[in-house]
Amino acid sequence: MSGGSEQARKTAEGLEYLTGFGNEHSSEAVPGALPIGRNSPQRSPLGLYAEQLSGSAFTEPRSHNRRSWLYRIRPSAAHPRFTLAADNGALRSAPFTEAPADPNRLRWNPLPDPAPGTDFLAGLWTLGGNGDATQRSGMAIHLYSANASMTDRVFSDSDGELLIVPERGGLLLRTEFGLLSARPGEMALIPRGVRFRVELQDETARGYVCENYGRPFELPDLGPIGANGLAAARDFRAPVAAYEDAERPTEVLNKFCGNLWTATYDHSPLDVVAWHGTHVPYVYDLRSFNVLGSISYDHPDPSIFTVLTSPSDTAGLAGVDFVVFAPRWLVGEDTFRPPYFHRNVMSEYMGLIDGAYDAKAEGFVPGGGSLHNMMSAHGPDRETFDRASAAELKPQKIDDGLAFMFETRWPITATAQAAGADHLQGGYDDVWQGLERHFRA
Ligand SMILES: [Fe+2]
């Protein structure tokens with residue numbers, strides 16, 4: 001382990017957090033830095049600049065309104081002109097028009113290892129997505145593979161919030177709001193427009209990112225489930241204020257309407273000494289998800305595993321859902337217990353964080369992913385079908401893996417690099433071949 005990653009890991013282990021999703025959080029790194037009783041006093045405490053960061057229109061309903069007040073050493077407005085970055089690397093944005101939307105079932109192996117010196121931002125590789133970043137609708141799926149920490153540069157995404165799912169290696173996220181640790185088995189959520197830097201806690205890091213152009217993720221309604229269950233608001237952790245007082249050149253990369261724009265500041269913009277509000281980053285341990293399911297027969301639709309949802313203007317129709325398949329018991333009687341065969345109007349991208357998934361015996365590997373687009377037929381493979389159809393139905397603990405899904409309302413169009421990737425598996429259709437005819441009239 002390099003000295004840098006060891007330091008990042010030690011820093012990550014000692015972090016403190018605030019708890020509660022959607023709370024009106026507040027934090028100050030220096031006592032007295034946070035104004036009391038007003039947001040923008042004539043002179044802010046300690047000579048700080050007050051600045052509001054809005055994550056929703058000023059006038060959206062209170063239940064959806066998001067904003068934070070930041071008290072910083074320099075105002076964000078004091079920055080040099082942004083220019084287009086030399087290129088966007090392997091980062092792409094909606095609308096996705098490089099390749100036709102494909103009705104076939106697709107599956108990828110993990111990304112190949114990156115060149116030495118590749119940090120999180122340089123290691124982002126876009127698989128595909130939908131919608132239009134400029135219309136604040138839809139989503140993109142990115143993977144990342146990195147072997148270096150970001151140094152003297154920070155990233156912010158004006159196009160959407162970033163839901164980061166580490167699969168290999170821990171991340172130390174240094175944000176304007178403070179520090180977060182996100183290790184495999186956890187997820188991190190960076191709101192739209194929040195600047196952050198990613199340092200590696202291990203030699204390498206790999207994982208998935210859902211870039212949500214639409215309404216910010218929120219906890220799903222629970223309906224008849226009641227007041228508790230699924231992801232608990234109190235299990236989401238927000239950072240405490242921590243600031244960099246660094247007068248050194250720092251590159252700020254801003255993803256704006258699909259392109260990376262760059263400006264070199266003469267200071268670190270991670271200089272927020274105190275803050276309060278609701279537009280804040282979070283980290284959440286996926287294994288703390290309270291899994292609910294059938295205790296009689298059949299099993300519920302996978303929406304029962306929704307951790308966070310980005311609602312659309314149509315009730316119940318998500319722009320994108322983040323769904324986790326966490327360890328759980330299966331006890332259904334006279335029930336085919338793996339996920340059933342189905343065709344879905346929604347489009348499903350699945351990734352695997354650890355272990356195996358109960359509908360696929362092989363080929364779906366950690367760091368890889370599968371895409372089952374709108375109305376594409378899928379379900380258990382032959383081996384899984386045969387085994388589950390003959391299994392003795394005693395209570396069974398599924399605890400050998402952690403898979404997740406980004407499920408979205410619109411078809412996902414792959415990028416050219418994803419449609420033509422060497423790590424795109426050939427012959428994925430074959431997993432459903434050999435499903436024998438059993439019909440007897
Ligand atoms: Fe599915």
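The values are calculated or read from the model by the stated rules, or taken from the named source; none is laboratory data. Since we're looking at a predicted model, the values are computed, not measured. Please note: Cβ atoms are built from the backbone with ideal geometry, for glycine as well, and neighbour counts cover all protein chains shown.
Annotations
- Any pair with Cβ under 8 angstrom, 6 or more apart, that starts in the range 355-378 at a residue that is under 24 Å from G185 (Cβ atoms) and without any contact (Cβ under 8 Å) to a residue 12 or more places away in the chain and ends at one that is of a type outside the set (K, R) and within 11 Å of the ligand (Cβ to nearest atom): none
- Only residues that are of a type in the set (A, V, I, L, M) and in a loop (DSSP other than H, G, I, E, B) were counted across the range 1-21, and they come to 2.
- Count of residues meeting criterion [crowded, with 16+ Cβ neighbours inside 10 Å and within 16 Å of the ligand (Cβ to nearest atom)] in the range 295-313: 5
- Restricting the range 373-404 to residues that are of a type in the set (G, A, S) and more than 16 Å from R343 (Cβ to Cβ) leaves a set whose member that is modelled with the lowest pLDDT is G401.
- Any chance D102 is over 20 Å from M150 (Cα atoms), part of a loop (DSSP other than H, G, I, E, B) and more than 20 Å from the chain's Cα centre (by Cα): yes
- Looking only at the range 314-331, and only at residues there that are more than 16 Å from the ligand (Cβ to nearest atom) and over 18 Å from P395 (Cβ atoms), the one that is surrounded by the fewest Cβ atoms within 10 Å (Cβ to Cβ): A315
- For the range 105-131, filtering for residues that are of a type outside the set (A, V, I, L, M, F, W, C), closer than 15 Å to P411 by Cα and within 18 Å of the chain's Cα centre (by Cα) leaves 4.
- Applying the condition of being more than 24 Å from G131 (Cβ to Cβ) and near the ligand (Cβ under 10 Å from one of its atoms) to the range 337-387 and asking which residue is surrounded by the most Cβ atoms within 10 Å (Cβ to Cβ) yields A359.
Condition check ((1) touching a strand residue (DSSP E or B) at 6+ places or on another chain (Cβ under 8 Å); (2) over 30 Å from D152 (Cα atoms); (3) polar (S, T, N, Q)) across all residues:
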site	(1), (2), (3)
V283	yes, no, no
S312	yes, yes, yes
L330	yes, yes, no
G367	yes, no, no
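- Unmet requirement for D334, which otherwise passes all of (1) part of a loop (DSSP other than H, G, I, E, B); (2) under 23 Å from the mean Cα position of the chain (by Cα); (3) more than 11 Å from the ligand (Cβ to nearest atom): (2)
- Meeting the requirement of 2 or more residues that are among the hydrophobic types (A, V, I, L, M, F, W, C), the strands (runs of 3 or more DSSP E) wholly within the range 217-314 are 250-256, 259-265, 272-277, 306-311.
- Note on the range 144-186: no enclosed strands (runs of 3 or more DSSP E) hold 3 or more residues that are modelled with pLDDT under 95.
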